[in-house]
1. Tell me, how many Å apart are the Cα centres for the range 193-258 and for the range 27-105?
2. Would you mind ranking 92, 334, 58 by Cβ crowding within 10 Å, fewest neighbours first?
3. Compare 295, 306, 244 in a GNM of the chain, Cα atoms joined below 10 Å, and give the one with the largest fluctuation.
4. Out of the DSSP beta bridges found with both residues in the chain, what percent are antiparallel (nearest 5)?
5. Which whole-number percent is the relative contact order of the range 140-273 (Cα, under 8 Å, 6+ apart)?
6. Find how much the distance from residue 241 to residue 221 grows on full extension, using 0.36 nm per residue of separation minus their present alpha carbon separation; answer in nm with one decimal.
7. For the chain, report the translational diffusion coefficient in µm²/s to the nearest whole number, using Stokes-Einstein at 4 °C, 1.567 mPa s, and a Kirkwood Rh over Cα pairs.
8. With an 8 Å Cα cut-off and a minimum separation of 6 or more residues, compute the relative contact order for the chain in percent.
């Protein structure tokens with residue numbers, strides 16, 4: 001036998017050995033149970049905002065209990081990745097994070113709607129996320145300092161109000177821009193704050209006069225001095241249905257100021273993100289059995305008496321939506337008629353400010 005023939009046979013034999021080894025590894029990985037996979041591992045929740053705000057607080061509440069309900073009981077930790085209205089975190093989850101079920105994201109609802117309605121390119125496709133679930137629906141609110149020139153929402157239609165905002169896709173940017181375009185409100189935006197915590201601090205310091213697009217849930221626990229001293233007050237609700245507490249305080253909704261059906265339909269589409277006020281996502285490609293286990297654990301966590309007791313002390317609403325229902329809702333949103341989508345896009349396009 002020639003040396004060349006021997007080499008060819010050796011190469012072929014080596015290839016067969018490698019192929020067999022690869023198949024064996026694949027079979028072993030496929031046969032590994034969810035419990036075996038997660039045992040001894042760490043699951044990371046990447047939050048698309050800075051520490052201390054509502055999204056961060058909900059994520060940490062979930063993290064304290066989620067591991068108890070995942071097979072294998074992995075440790076669950078939170079990492080903050082603020083920027084671009086949580087689109088930075090969404091892009092990381094979508095394109096960079098491991099697709100094995102060890103990383104989830106807590107992102108703004110605007111990061112789900114923005115690719116449908118916005119004009120700024122993003123690094124993720126919301127319809128392709130695997131949705132873990134949603135912690136609660138939310139009612140967004142405009143708040144103002146008591147010494148601001150605007151005392152009610154009618155004033156905001158004729159008098160300038162300086163409001164703090166994050167980036168594109170954040171409700172603190174998108175909602176006041178929409179109200180300027182649709183209703184002729186006079187909100188002047190100061191952009192670039194990493195999250196709601198920084199905006200509220202700026203408002204308390206007098207850097208800005210108000211903010212639009214912060215969720216109402218838990219706000220009296222986070223900022224009790226606002227209402228005890230009356231230094232800051234709710235101006236208007238940015239929601240389809242509104243919140244019972246705010247209704248009792250006679251705080252109107254912006255839908256009451258819609259002048260025609262077109263304005264109402266655009267606001268309702270944009271406010272639909274309030275239905276999934278605290279969404280949690282997984283990257284595309286996570287194995288189906290791990291997705292199913294994590295979705296089951298998510299719902300079990302938000303039914304856990306220990307979490308519910310903790311949420312009650314924090315005055316946090318818990319109204320979970322399953323990952324399956326969230327997936328179906330996002331699919332439906334991305335099937336919205338093109339004419340309605342176009343009107344909403346125009347409403348979210350910022351015009352030059354004087």
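1. Spelled out, the Cα-based centre of one part sits 29 Å from the other.
2. On the way: 92 21, 334 15, 58 27.
With the fewest neighbours first, 92, 334, 58 line up as 334, 92, 58.
3. Top of the fluctuation ranking is 244.
4. On the way: 19 of 36 bridges.
Once the DSSP bridges in the chain are tallied, antiparallel ones form about 55 percent.
5. Working: 214 pairs, mean separation 41.2, N = 134.
For the range 140-273, the relative contact order is 31 percent.
6. Details: separation 20, 0.36 × 20 = 7.20 nm, distance 2.25 nm.
Result for the pair: 4.9 nm of gain on full extension.
7. Value of D from the Cα-based Kirkwood radius: 60 µm²/s.
8. 24
Values quoted throughout were computed directly from the atomic coordinates according to the rules given, and no laboratory measurement underlies them. If you're wondering where the values come from, they're calculated on a predicted model, not measured in any experiment. For neighbour counting, all protein chains shown are included, and Cβ atoms are generated from backbone atoms with ideal geometry for every residue, glycine included.
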